[in-house]
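Structure first, then comments.
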Amino acid sequence: MSATPAPAPAHAPDSLEALKARHGERYRWLVLATVMIGTVASILASTIVNVAVPALSHHFQLGQERAQWVSAGFMAAMTLSMLTTPWLLARFGYRNTYLGAVALLGAGGAIGGLATDFTLVLAMRAVEGLAAGVLQPIPSIIILRSFGPGEQGRAMGIFGFGVVLAPALGPSVGGVLVEHLGWRSIFYFVLPFCVLAAVLARRYLPHARPAGGAPGSHDVRLDLPGLALLAVMILALLNGLVELHSKSASQGLVLIGIALVAMACFVMWQRRATHPLLALALFRERAFTMGSIVAFVYGMGLFGSTYLVPVFMQSALHFRPTEAGAALLPAGLVLAVTIPIAGRMADRFEPRYLIALGVLLLAMSFALMAGVGAGTALWALVAIAIVGRIGLGLILPSLNLAAVRRTEPALLPHAASGINFMRQLGGAVGVSTVGIVLEWRLRVHEHDHPLAAFTETFWMIALVCALAAIAAWAMGKKNEASRGEARGA
């Protein structure tokens, strides 16, 4: 009698194959929605607290130099933790990493809202920042592994819509909450998003690691020396830039020197580390190297302009705060609409064309701001802001795709984390750099109208953005047969 063939082994209920079979063709969109909600929650946590800084200062009787760490501490922690995402995914898998980060974000919000000491508030802001940094690169990894080349731009555009809409609406929602419910409410606001993200993650995210296989392997270790050097670099750099604002800049220069030494040590260590925090092999790919430059400038332009434009409108043009806010809101909404459209375009056209055009539009908006005079109408300022936000919208989906699309599958988490890290670092440096240049030019023109100082600052940012167009063009042509084709989540 012939032997009966052994049945094929059934997939584990939470494996990628089982989840795909259970949910069908829509599965990849469900995964995208899941990781998008957690990322939106982290961005809300980042932006919504800014409107509560005056209330926090009054409640805890703080000076500006301490109160600003509510935002700066979050950004520093977020920048630091981004490069740990590849290790976390390799060690714990998609689901456990995502659930852990969402739980950390929710805990930071819950405990921060209950805090009666400002030190605990700062600690919880750092906790939220660490969680946000881990969450940021995951959607890009999911999109590049779950969607085919013809859908990646569309998926990135849909994700970008939520990511950009969150900071556009966050300050407005935060203002209402602080005014009617107090500053503690802005910490609690992220909790429903965290709960929803956790429920969806348990249902739709696989246990698998990006490289395949079950989580729990100890074959990849966290680069603790690299993480320590990176922490020194980031904290010294951000503190040094802040100190440059003071009358005595010597301490700031010393801190920036320490940051540069730490950066050099970090690079040397990454060359010899068995499991580096940032795989330097990525920089052998021209698209990633040039994309990192563009990402840094993108962060500078986005965060720097968000800081500079409202200050310019109120200090130099004497608009009321409500008018300054009104000028930026339409631009934020246009940005949210532009990104999905740009995502579809990224599937049809060369990404470097869209990136270069976006960078040039961003530079043009700053150049137009440099030409603004005291009698400029509010509608003209709104139009200029919209030009810049259209540029930002064209950059985001194409940049994430073009910079990492040719990356080897094993290095994809490192590439996604690296691009997000460069954008976030650019944002942190951009805000401080804009403030330093503006303060310097205001001192030079202390006997003139402050408009001249703002004009020169805008020209500086415009020049930096224009130069970044060269890097965008050098990213190279789209490779249709790239390694970025659908590989499964």
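The values are calculated or read from the model by the stated rules, or taken from the named source; none is laboratory data. Please read all numbers here as calculations on a predicted model, not as lab measurements. Methodologically, a virtual Cβ is constructed for each residue, glycine included, from the backbone with ideal geometry; neighbour enumeration extends over all protein chains shown.
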Would you say Val382 is within 14 Å of Phe296 (Cβ to Cβ) and not assigned by TED's automatic domain parsing to the domain that holds Met156?
no
Could you list, in sequence order, the residues of segment 91-105 that are buried (at least 24 other Cβ atoms within 10 Å of the Cβ) and either of a type outside the set (Phe, Trp, Tyr) or at positive phi (or both)?
Thr97, Ala101, Val102, Leu105
Of the numbered conditions (1) crowded, with 19+ Cβ neighbours inside 10 Å; (2) at pLDDT 90 or above, Ile234 satisfies every one except a single condition; which is it?
(2)
Near pairs, Cβ below 8 angstrom, 6+ apart or cross-chain, from segment 456-482 (assigned to a loop (DSSP other than H, G, I, E, B)) to any residue that is at pLDDT below 80 and surrounded by 21 or more Cβ atoms within 10 Å (Cβ to Cβ)
Met475/Ala402; Met475/Ala403; Lys478/Ala402; Lys478/Arg405; Asn479/Arg405; Ser482/Arg405
Total residues in segment 316-338, condition at pLDDT below 80, touching a helix residue (DSSP H, G or I) at 6+ places or on another chain (Cβ under 8 Å) and part of a helix (DSSP H, G or I):
10
Would you say Leu308 is assigned to a helix (DSSP H, G or I) and free of Cβ contacts under 8 Å to residues at least 40 places away in the same chain?
no
Count - residues of segment 272-305 that are crowded, with 19+ Cβ neighbours inside 10 Å and among the hydroxyl-bearing types (Ser, Thr, Tyr):
3
Any hit, segment 108-123, residues being closer than 19 Å to Leu88 by Cβ, touching a residue at least 40 places away in the same chain (Cβ under 8 Å) and assigned to a helix (DSSP H, G or I):
yes
Counting only residues that are among the basic types (Lys, Arg) and within 29 Å of Phe266 (Cβ to Cβ), how many does segment 77-111 have?
1
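Would you check if there is a residue in segment 350-360 being out of contact with any Ser or Thr (no Cβ under 8 Å at 6 or more places or on another chain), hydrophobic (A, V, I, L, M, F, W, C) and over 26 Å from Leu463 (Cβ atoms)? Give the derivation first.
Taking segment 350-360 and keeping what is out of contact with any Ser or Thr (no Cβ under 8 Å at 6 or more places or on another chain), we get 350, 353, 356-357, 359-360.
Narrowing the set further to residues that are hydrophobic (A, V, I, L, M, F, W, C) leaves 356-357, 359-360.
Restricting the remaining residues to those that are over 26 Å from Leu463 (Cβ atoms) gives none.
No, there is no match, as no residue in segment 350-360 is out of contact with any Ser or Thr (no Cβ under 8 Å at 6 or more places or on another chain), hydrophobic (A, V, I, L, M, F, W, C) and over 26 Å from Leu463 (Cβ atoms).
Sort through Ala367, Ala403 and tell me the only one that's crowded, with 23+ Cβ neighbours inside 10 Å and assigned to a helix (DSSP H, G or I).
On inspection, the qualifying residue turns out to be Ala403.
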Does segment 376-384 contain any residue that is among the β-branched types (Val, Ile, Thr), crowded, with 24+ Cβ neighbours inside 10 Å and in contact (Cβ under 8 Å) with a residue 12 or more places away in the chain?
no
Go through segment 443-470 and give me each residue that's of a type outside the set (Gly, Ala, Ser) and over 14 Å from Leu368 (Cα atoms).
Arg443, Val444, His445, Glu446, His447, Asp448, His449, Pro450, Val464, Leu467, Ile470
Could you say which residue among Gly343, Gly301 is in a helix (DSSP H, G or I) and farther than 21 Å from Val429 by Cα?
Gly343
Starting from residues that are hydrophobic (A, V, I, L, M, F, W, C) and surrounded by fewer than 21 Cβ atoms within 10 Å (Cβ to Cβ), keep the ones in segment 164-185 and report whichever is modelled with the lowest pLDDT.
Ala168
Restricting to segment 380-411, what's the tally of residues that are more than 14 Å from Met290 (Cβ to Cβ), more than 19 Å from the chain's Cα centre (by Cα) and either modelled with pLDDT under 85 or not hydrophobic (A, V, I, L, M, F, W, C) (or both)?
4
Going through segment 241-269 in order, the residues found to be part of a helix (DSSP H, G or I) and at pLDDT below 85 are Leu241, Val242, Glu243, Ser250, Gln251, Gly252
Kindly indicate whether any position in segment 444-453 is assigned to a loop (DSSP other than H, G, I, E, B), modelled with pLDDT under 85, in the same structural domain as Gly358 (by TED's automatic domain parsing) and under 28 Å from the mean Cα position of the chain (by Cα).
no
